[in-house]
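The values are calculated or read from the model by the stated rules, or taken from the named source; none is laboratory data. Predicted model only: the values in this text are computed from it and were never measured. Every residue, glycine among them, receives a Cβ derived from its backbone with ideal geometry; neighbour counts consider all protein chains shown. Just so you know, the surface numbers come from the protein's heavy atoms only, side chains and all, with ligands and any DNA or RNA stripped out. Shrake-Rupley method; radii C 1.70, N 1.55, O 1.52, S 1.80 Å.
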Amino acid sequence: MAECIEQSRVACALGGIYTALAIDGVLPVTHTGPGCLAQASDILGRVNGGQAPVPFEESVVPCTDFCNTDVVFGGGEHLRTVIEKSIEYYDAKLIIAVDGCTAEIVGDDIEEVAESFEGSRIPVISAKLPGFVGNNLFGHSQILKSIVNQYLEPTGEVNPLQVNVFGIVPFYDTFWQGTLERLEELLKAIGLEPNIIYGHGHGIENVKKIPSAGFNLVLSPWIDLDIAKLLEQKFKTPFLQFDNVPIGPTETTKFIRTLVEYAGLDQVKAESYIKKSEDRYYYYISRHQAFVYACKYIPKDFYFIGSAAAAVSVTRFMVNDVGSVPLRIYITDNVPKERQEDVRKSLYDVELEDKDYEVIFTEDGGLAADDLKKEHEDRSVVFGSNWDLLTARSIGSAFVPVCAPYGQTLIGSKNYFGYEGGVALFSDYYAEIATNPQVAFIG
Ligand code: SF4
């Protein structure tokens, strides 16, 4: 019997439309069954910090509502009509026609339908997002590839200071919006001109500028490396990979120095920024020392269950800046086999002598829950998604949510990026340890 996955932390490939929806002015038109989008909207949106796309929220995303007639006679013409009406009624800058499982199975040619709108008021491109091929990370990659291959044109100029930012998956990374805003500030402060395509104040004009960049920055252990390579091939733009979204002083300072060296930036300016930011970080941490020492017990280790991207960021911070040790790390977002070794290396690249913790790649969040219930260290901490809250409580551990599905709460602009993010995660971590009535670690 096939393996059954419990407690999924990812959506199907159709979840890739959230990458399109994160770019202001981009409207996906879905050629799928009527319930397909709802499946993705919980994990990536509503139950992931109460997020919804702006301006095109889920309820206004056009859909062909693929039905029996489309299965029997083909749904290409149906899709064509929905795109025609979308062009008539929507104020969008780019339409991406996407399909799901059924349209792929019956063989509807969405590429041909999209191409037939050449010269229309709103440009139309297409992306194939069948859930049977992959999860929302595959869908995210498909959307970006479609934009690069079908929409981007060479600009004929290169701005050496312009840096396009990749590696953060909007919506799936619960903290994406706040992270990108803080990252933009940091990049400007050290002399770069960040070009970010997702979120507030960005959008399709930034997408068009992608080919002008001096370099592409990929902030992840593996996500978007395919896009950076595609852009290198198409526009000869080199790329720099930093394997995580830095949290806290150790990683953030390393990140800045890596950028300074790579892009030949003003070292004095960058070092002055680092000094000011580190001083501020340690000032805030010192303010909480009395509270931390009042805890009856300070956990010395932790479990992690969730995405590879969050795992690397949190593990680096917890080991290098907080002094905690991972016990076991479960990566639940189906990292492709050929990328798993890179992720593993990133997870062991920490300032620790004995690295005897296990890294387990599994899509089955239920397996992690079972493992922990059978065998665990007492009074440790679990970092993960909302799925892991009850597991943590059942083994008497503290719990800190750090990835999707984050839970039914409002995320606002919260994030753990950089020096400031380190203070925020430090505070959330000790607040949970000290004040949770079940864990009751405070004296
Ligand atoms: S797996 Fe296929 S049928 Fe299911 S929600 Fe995703 S696209 Fe729709």
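Some observations on this one:
- Number of positions in segment 106-150 that are more than 14 Å from the ligand (Cβ to nearest atom) and part of a strand (DSSP E or B): 3
- Any hit, segment 7-20, residues being under 27 Å from LEU367 (Cβ atoms), more than 13 Å from the ligand (Cβ to nearest atom) and assigned to a loop (DSSP other than H, G, I, E, B): yes
- Members of segment 280-312 that are out of contact with any Phe, Trp or Tyr (no Cβ under 9 Å at 6 or more places or on another chain), at pLDDT below 85 and open to solvent by 70 Å² or more (accessible area, probe 1.4 Å): TYR293
- Any hit, segment 102-110, residues being of a type outside the set (Lys, Arg), open to solvent by 40 Å² or more (accessible area, probe 1.4 Å) and in contact with a Ser or Thr (Cβ under 8 Å, 6 or more places away or on another chain): yes
- From the list SER272, SER307, SER277, SER313, the lone residue that is in contact with a strand residue (DSSP E or B) (Cβ under 8 Å, 6 or more places away or on another chain), under 20 Å from LEU259 (Cβ atoms) and of a type in the set (S, T, N, Q) is SER313.
- Any hit, segment 85-104, residues being more than 14 Å from LEU27 (Cα to Cα), more than 32 Å from the chain's Cα centre (by Cα), of a type outside the set (A, V, I, L, M, F, W, C) and outside any helix (DSSP H, G or I): no
- Failed item, numbered, when PRO34 is tested on (1) loosely packed, with under 13 Cβ neighbours inside 10 Å; (2) more than 25 Å from ARG9 (Cβ to Cβ); (3) within 11 Å of the ligand (Cβ to nearest atom): (2)
- ASN386 vs. criteria in contact (Cβ under 8 Å) with a residue 12 or more places away in the chain, open to solvent by less than 70 Å² (accessible area, probe 1.4 Å) and more than 21 Å from THR435 (Cβ to Cβ): no
- For segment 391-408, a tally of residues being open to solvent by 30 Å² or more (accessible area, probe 1.4 Å) and modelled with pLDDT of 95 or more returns 1.
- Hits in segment 40-73 - residues which are in a helix (DSSP H, G or I) and touching a Lys or Arg at 6+ places or on another chain (Cβ under 8 Å): ILE43
- Of the residues making up segment 409-443, just one is farther than 25 Å from TYR18 by Cβ, β-branched (Val, Ile, Thr) and modelled with pLDDT of 95 or more, namely VAL423.
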